[in-house]
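Read the structure below first, then the notes.
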Amino acid sequence: MIKQSTDDLIARLDAADRLPGTAELRTHSYDLLGAGPGKSAVDVGCGAGRAVAELAERGVRTIGVDPDERMIAVARDRWPEADFRIAGACELPLADASVDGYRADKVFHELAEPERALAEARRVLAPGGRIVLLGQDWDDIVIDSDDPVLTRTIVHARADLIASPRAARRYRNLLLDAAFDDVVVEVRTGVFTGKSMLPMVTGLAEGARSTGAITREQADGWIAEQRARAEADRLFFALPMFVAAAVKRGGPVPNAREVQGS
């Protein structure tokens, strides 16, 4: 897996928040969550805390959790009135049936065992509580290129560096296996044609090169092509975002070990 500093990750997340359509997608996730005054929610993998602050603006008592101490420190600095806690998705610092909503944005692909996280989500959600998951499928990034074979190699090799690169396409089945009801899934695809995606394009190629799937020369040539496309207003980058929502009905809470089948 590729290691990057927390500050680099925060910069990338901030840049992603500025992309067209991102704010609208976050708002849609809040609507699916049923977020409103008097409700409570946990934002898992909260990062620098933007969603926690926006949910609070809706009157939702929101707890943001993230396993990265530096990330939580930045979130607390940016939103000092909010409740942020250091914790991972599989060990939430919450009582059973204590929140009305659970949200995780671009989190499950980072988890080696997303089933455990969903068992924990079901534990902390009150009956009738709603869960919303958002994220990209790393094998489904679409990039126009003069060399589609090399592009396919780059996308798949970069995906293989991620713990669960195809978690998003599994959202529906993961939620059903975790005994959630009323599961719905939709896909919203962002299409980007400007220079804003060049850092991600470069990152894909560098990641693929680090695995040995492509050479330095291939990476440099492919990156140069994408830069030239961006300069000529010919870059095309499409990123499908999967959004899943479900409800916790009554009944026993599945044990994480049982969900994993161990």
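Each value in this text was obtained by applying a stated rule to the coordinates, not by laboratory testing. Keep in mind that this is a model prediction, so the values were computed, not measured. Every residue, glycine among them, receives a Cβ derived from its backbone with ideal geometry; neighbour counts consider all protein chains shown.
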Discussion item. I need the Kirkwood Rh of the stretch 94-200: take the reciprocal of the average 1/r across all distinct C-alpha pairs and report it in angstrom.
Written reply: 15.6 Å
Worksheet item: Under the classification rounded if a/c is under 1.5, otherwise prolate if a/b is larger than b/c and oblate if not, where does the stretch 56-97 fall, given a ≥ b ≥ c as square roots of the Cα gyration tensor eigenvalues?
Response: oblate
Practice prompt. Can you bin the stretch 1-105 into rounded, prolate or oblate? Criterion: square roots of the alpha carbon gyration tensor eigenvalues sorted a ≥ b ≥ c, rounded for a/c under 1.5, prolate for a/b above b/c, oblate for the rest.
Written response: oblate
Worksheet item: Rounded to two decimals, what ratio of Rg to Rh does the stretch 111-262 give with C-alpha atoms and a Kirkwood Rh?
Response: 1.10
Worksheet item: Among (1) 20.1; (2) 19.2; (3) 18.1, which one is Kirkwood radius over Cα pairs in Å computed from these coordinates?
Response: (2)
Fill in: Derived scalar couplings ³J(HN,Hα) [the stretch 133-141; Karplus, 6.51 cos²θ - 1.76 cosθ + 1.60; whole Hz; x for Gly, Pro]
10, 10, x, 9, 8, 6, 7, 10, 6
Item to complete: Calculate for the chain the 222 nm mean residue ellipticity that helices alone would give, adding -39,500 (n - 2.57) per DSSP H run of length 4 or more and normalising by residue count, nearest 500 deg cm²/dmol.
Response: -12500 deg cm²/dmol
Discussion item. Give me the count of lysine pairs in the chain whose alpha carbons sit under 28 angstrom apart, restricted to pairs 8 or more positions apart or on different chains.
Written reply: 6
Worksheet, complete the sentence: Net charge (Lys, Arg +1; Asp, Glu -1) of residues whose beta-carbon lies under 13 Å from that of ALA89, ALA89 excluded, is -3
Practice prompt. Provide, as a two-decimal number, the C-alpha radius of gyration of the stretch 195-238 over 2.2 N^0.38 Å, N being how many residues it has.
Written response: 1.12
Fill in: Qualifying GluC sites (Glu not before Pro) in the stretch 17-104, DSSP loop, other Cβ atoms within 10 Å at most 15
GLU81, GLU91
